[in-house]
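Here is the structure we will look at.
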């Protein structure tokens, strides 16, 4: 986990006349579990996406552990995001889906398999590993989605947090 | 017991009455005529190719022979023409797939203020007939030293098809949800690799259509070929057809047998490709029409 700060962050989409996020100041402590609640369209998802690097704030700064991440690409920010729509790669098996971030981090094939199996056991989806996302039920897909971020923790000193929009 | 209003409503929303047998027969007749219309030239093609004294109408060869096929390879260097055509069309296909993937992806994902203007401009470019642009293209090719070279042929063919294919691919990419590549970015992939590993596989029907169309366009292209090459080494199949014209004593004679033989060998790869990619192309073309 890590400490997150939003410092006077604003974002307005070109097609809208009202700001999606308007001068947001937010401090989230290390290990804190925070829930953003609000009516649809109030900027919850946009704020999370800016943290992940999928949107760029017009104004203000976002800091993780005291360091500004605004200039970093999503892949360099070490943030895990659980998508509302599951975001499973449809052309890969469940095993490959889970393995994808591990592969990018260049773990050895043995390491990768070990982690995949451990996470699959944790969530009880071991039997689903060879299947494609299209063959899974909704609940199974959800479990698989949360493994994406889980698969990345153990053994690495990476900062990881989950942002999930419901 | 149902009221009058209810039964009327039920009748209007009921499934349409099945076609009468007259309609079915009539429909099949029309289809039959259309199919025949398209198949007849192939009938001529396949009968005349094996006929030593082929003529311009369909008739069963008196003495079926493979002589035509032999002659086109020995006398008219058809082998080279075939290889050239395959090489040029194949390279055009590869170049187009790469260029169109990048351009289509950018147009789909980037938030540009004048995006719709750009899209319409791209589409407008496609409406330019080749006969209007062939003179400037020739001048350009000559200035750049692209005449009589594979590079020139491939580049120009790729460029001709580009506007429409970019527009097509952009629509395909629009149908791939963004969260897939975003998930890949968060997993740690660079944008280019995410495109290749995650987005393209999902859009592969579109790629199939682009590949098929660009290959076929280059395969069938005659006009640019005539303009750009006069070297024997580079000739492609459409040009080889012209060479079968035999001029003797002041009048030009068409050697139908040779033409038909070349035609058979020319058409067969196309049929093979279609059969192989049929499913992908149908899915792709249906999907693209839905997007319009």
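The values are calculated or read from the model by the stated rules, or taken from the named source; none is laboratory data. Just so it is clear, the structure is predicted and the values come from calculations on it, not from any experiment. Counting neighbours? That spans all protein chains shown, and the Cβs are built from the backbone with ideal geometry, glycine included.
What to note about this one:
- Boolean, residue B:231 is more than 12 Å from chain A (Cβ to nearest Cβ), closer than 30 Å to residue B:268 by Cα and surrounded by fewer than 20 Cβ atoms within 10 Å (Cβ to Cβ): yes
- Only residues that are in contact (Cβ under 8 Å) with a residue 12 or more places away in the chain, closer than 24 Å to residue B:216 by Cβ and assigned to a helix (DSSP H, G or I) were counted in the stretch B:243-273, giving 14.
- In the stretch B:69-86, the residues that are in a helix (DSSP H, G or I) and touching a residue at least 12 places away in the same chain (Cβ under 8 Å): B:69, B:71, B:72, B:78, B:80, B:81, B:82, B:84, B:85, B:86
- The set of residues in the stretch B:164-196 being surrounded by fewer than 18 Cβ atoms within 10 Å (Cβ to Cβ), under 14 Å from residue B:102 (Cα atoms) and either in contact (Cβ under 8 Å) with a residue 40 or more places away in the chain or within 9 Å of chain A (Cβ to nearest Cβ) (or both) consists of B:174, B:191, B:193.
- For residue A:127, the conditions (1) under 20 Å from residue B:201 (Cα atoms); (2) modelled with pLDDT of 80 or more are fulfilled apart from (1).
- Here is the figure for the stretch B:197-216: residues that are more than 14 Å from chain A (Cβ to nearest Cβ) and more than 22 Å from residue B:159 (Cα to Cα) total 0.
- For residue B:56, the criteria (1) closer than 16 Å to residue B:244 by Cβ; (2) in contact with a helix residue (DSSP H, G or I) (Cβ under 8 Å, 6 or more places away or on another chain); (3) modelled with pLDDT under 85; (4) surrounded by 11 or more Cβ atoms within 10 Å (Cβ to Cβ) hold in every case but one, which is (4).
- Residue B:103 being in contact (Cβ under 8 Å) with a residue 40 or more places away in the chain, loosely packed, with under 12 Cβ neighbours inside 10 Å and either in contact with a helix residue (DSSP H, G or I) (Cβ under 6 Å, 6 or more places away or on another chain) or not in a helix (DSSP H, G or I) (or both): no
- Residue check, residue A:143 touching a strand residue (DSSP E or B) at 6+ places or on another chain (Cβ under 9 Å), within 24 Å of residue B:197 (Cβ to Cβ) and either more than 9 Å from chain B (Cβ to nearest Cβ) or free of Cβ contacts under 8 Å to residues at least 60 places away in the same chain (or both): no
- Subset tally (residues that are surrounded by fewer than 20 Cβ atoms within 10 Å (Cβ to Cβ) and either under 15 Å from the mean Cα position of the chain (by Cα) or more than 8 Å from every other protein chain (Cβ to nearest Cβ) (or both)) for the stretch A:102-120: 11
- The set of residues in the stretch B:121-144 that are under 24 Å from residue B:107 (Cα atoms) and either surrounded by 14 or more Cβ atoms within 10 Å (Cβ to Cβ) or in contact with a strand residue (DSSP E or B) (Cβ under 9 Å, 6 or more places away or on another chain) (or both) comprises B:122, B:125, B:126.
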